[in-house]
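The values are calculated or read from the model by the stated rules, or taken from the named source; none is laboratory data. The model shown is predicted, which means the values in this text are computed figures rather than measured ones. As a convention, Cβ positions derive from the backbone with ideal geometry for all residues, glycine included, and neighbour counts pool all protein chains shown.
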Amino acid sequence: MDRRCLVVWLLVSLTDKVSSQVKVEGVKGGKAVLPCVYTKTIMERDMVTIFWRLNDEKKVYDVAAGNTVLTQQDPEFKARAQTFPEEYSKGNYSLSLRDLRVTDVGTYFCYIPPLNVKQQIQLHVEDGPEARSSSMRASLVPAVLLCLILLL
Ligand SMILES: *[C@@H]1O[C@H](CO)[C@@H](O)[C@H](O)[C@H]1NC(C)=O
């Protein structure tokens with residue numbers, strides 16, 4: 001490989017990894033726990049209010065005044081999402097998602113309005129055993145294109 005190509009490839013593969021903070025990986029059909037932990041202030045059980053959102057718009061899961069409220073839940077997440085009420089006293093408001101779908105991929109937000117806290121979690125769902133090599137190929141394509149441009 002041309003040295004310039006190597007440099008471009010390194011840059012492309014590095015930017016792939018540095019991009020975001022909390023990342024969760026899942027496999028299609030499997031399960032993932034999206035972490036949301038805040039221990040500076042622990043809410044009384046009947047105060048616990050948590051809004052889980054996907055891409056800041058889809059309603060994934062709501063807890064209001066200590067109770068789960070699913071009337072507004074996006075049908076996509078029906079019977080697939082849950083929190084762990086026994087963990088609330090430890091400041092753990094993590095969300096478990098099961099039967100993962102490729103459409104679940106995105107940025108999740110855990111809002112804790114009483115504490116004015118917002119946490120961001122990135123979920124990635126792998127399609128299956130071949131997903132790894134195809135995402136590798138996906139980052140390789142722009143690198144190869146750039147190499148061709150540089151060489152011309
Ligand atoms: C929060 O609770 C879930 C479910 O019990 C657990 O899997 C996870 O490890 C907990 N997170 C922390 C930081 O304790």
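For the reader, a short list of remarks on this structure follows.
- For the stretch 59-101, a residue qualifies if it is within 16 Å of the ligand (Cβ to nearest atom), in a strand (DSSP E or B) and under 19 Å from Pro114 (Cβ atoms), and the qualifying residues are Tyr61, Val63, Thr68, Asn92, Leu95.
- Flag if Asn55 is within 18 Å of Gln21 (Cα to Cα) and either loosely packed, with under 12 Cβ neighbours inside 10 Å or among the aliphatic types (A, V, I, L, M) (or both): yes
- Residue count, the stretch 102-123 (criterion: assigned to a strand (DSSP E or B) and out of contact with any helix residue (DSSP H, G or I) (no Cβ under 9 Å at 6 or more places or on another chain)): 13
- Here Glu86 passes the criteria (1) of a type in the set (D, E, K, R); (2) within 30 Å of Pro142 (Cβ to Cβ); (3) modelled with pLDDT of 95 or more; (4) more than 15 Å from the chain's Cα centre (by Cα) except the one numbered (2).
- Residue satisfying all of: in the stretch 102-113; surrounded by 14 or more Cβ atoms within 10 Å (Cβ to Cβ) and either within 14 Å of Gly29 (Cα to Cα) or more than 12 Å from the chain's Cα centre (by Cα) (or both); nearest to the ligand (Cβ to nearest atom) among these: Ile112
- For the stretch 19-39, taking the residues that are within 15 Å of the ligand (Cβ to nearest atom) and hydroxyl-bearing (Ser, Thr, Tyr), the one that is nearest to the chain's Cα centre (by Cα) is identified as Tyr38.
- In the set (1) over 30 Å from Val144 (Cβ atoms); (2) at pLDDT below 95, the condition left unmet by Leu11 is number (1).
- Selection within the stretch 89-121 - under 11 Å from Trp52 (Cα atoms) and free of Cβ contacts under 8 Å to residues at least 12 places away in the same chain: Lys118
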